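Reading through the structure tokens given below for one structure.
The values are calculated or read from the model by the stated rules, or taken from the named source; none is laboratory data. Fair warning: this is a prediction, and the values are worked out from it, not measured in the lab. Cβ: placed from backbone, ideal geometry, glycine included. Neighbour counts: every protein chain shown.
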Amino acid sequence: MPNDLMIIHGHLLKEAREDLNLSIEEVARHLTLSDRHIISMEENKKVGFVSTQLKLISVRKYANFLELDIDSVIENTKNKTKSLNLPEPNIDETKASFIHKNFFVAKIKVFLLWAKIHIRIPHIFYFIIFLFASNFLIGVYQKYAVAQKNFEGKSLDLPNLDQLPNDIATYEINPTAEKIEKHEALPVEIKKVEENKKDNKDPVIKMCGQAISKPIAQISSSIDPLKPSDYFHIISRSHQTICILDSKGKEDKYALTEGQKLTYRGGQPPFKLVIDPVVTDIFYEGWLVKLKPEQNYIQLNPKTYN
């Protein structure tokens, strides 16, 4: 193509570069060209390139970098609709694309027409009911059906213990401290409690013939339970005797051997337990309870929600 038929509007390149706050050196480094090449294109100089064809290719590369329309940068004076290095539009491909687009739109219209004829408001209502019912049944299954139905004293098939999160919270509540906390808003009562602190004694609880007066460690889950709270599992890693007391006063005592597993059912939570925490693994509401060595008197509380 003769050079006199092409007009390079280099000022458009320069204006776009300055709008982007780019220096000539930065553009040259990005396009792998020299500063002289960039100046030649922006000022449309005849020097700087070996041939006109190389210059036109570089201009197109520069315009693409600045996201400019190549036809606005390089003007063909002979044919305004013809673009540099761009193929002329294929009439057959354009027609095929138009037909394909119209066919897709027609298919959508046919589907909407079918839906309008066959789908009624009651159908939509039934479908919504089905979604709610299925979601409810899935929730019930996850809450109850997943719980393992093991009988007391039967071997318990537990999941991989290494993958269970040990994040059940444990904390101790001293009965005397609890009384002081409840009367924080009454300074007179607080003073009275402090004066008679020496006279107060921890309440004594009798379990399985033992008199227990030490503070009880309250165990509760900080996350949603995976299993019901009316039973729990125990694995004993040594010989020990455990005592269990539920909220209705039902008392049970078990002598466990090394490696024996126990599933306690039939009681009403919360449960009070006297155990050896060093050799005992307890699973409650689907989570492993992590005890401290001094917590041999504990209470398992069901998850509560605000």
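Taking the conditions (1) without any contact (Cβ under 8 Å) to a residue 40 or more places away in the chain; (2) buried (at least 17 other Cβ atoms within 10 Å of the Cβ) in turn, M6 satisfies each one other than (1). Taking the stretch 258-306 as the range and being hydrophobic (A, V, I, L, M, F, W, C) and either assigned to a strand (DSSP E or B) or within 33 Å of the chain's Cα centre (by Cα) (or both) as the test, the residues that pass are L262, F271, L273, V274, I282, F283, W287, L288, V289, L291, I298, L300.
Filtering the stretch 248-255 for residues that are in a loop (DSSP other than H, G, I, E, B), under 30 Å from Q142 (Cβ atoms) and touching a residue at least 12 places away in the same chain (Cβ under 8 Å) leaves a non-empty set. Here the condition is being surrounded by 15 or more Cβ atoms within 10 Å (Cβ to Cβ), assigned by TED's automatic domain parsing to the domain that holds I212 and closer than 18 Å to S222 by Cβ; of L273, L245, L291, it holds for L291 alone. Scanning the stretch 211-234 for residues being within 33 Å of the chain's Cα centre (by Cα) and within 18 Å of Q295 (Cα to Cα) gives a total of 8.
Yes/no matrix, rows are residues, columns are (1) closer than 17 Å to D69 by Cβ; (2) not in a helix (DSSP H, G or I); (3) not assigned by TED's automatic domain parsing to the domain that holds S72:
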| position | (1), (2), (3) |
| --- | --- |
| L13 | yes, no, no |
| A16 | yes, no, no |
| A28 | no, no, no |
| T32 | no, yes, no |
| I38 | no, no, no |
| M41 | yes, no, no |
| G48 | no, yes, no |
| Q53 | no, no, no |
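Across the stretch 226-239, a minimum of one residue is classified as buried (at least 20 other Cβ atoms within 10 Å of the Cβ) and touching a helix residue (DSSP H, G or I) at 6+ places or on another chain (Cβ under 9 Å).
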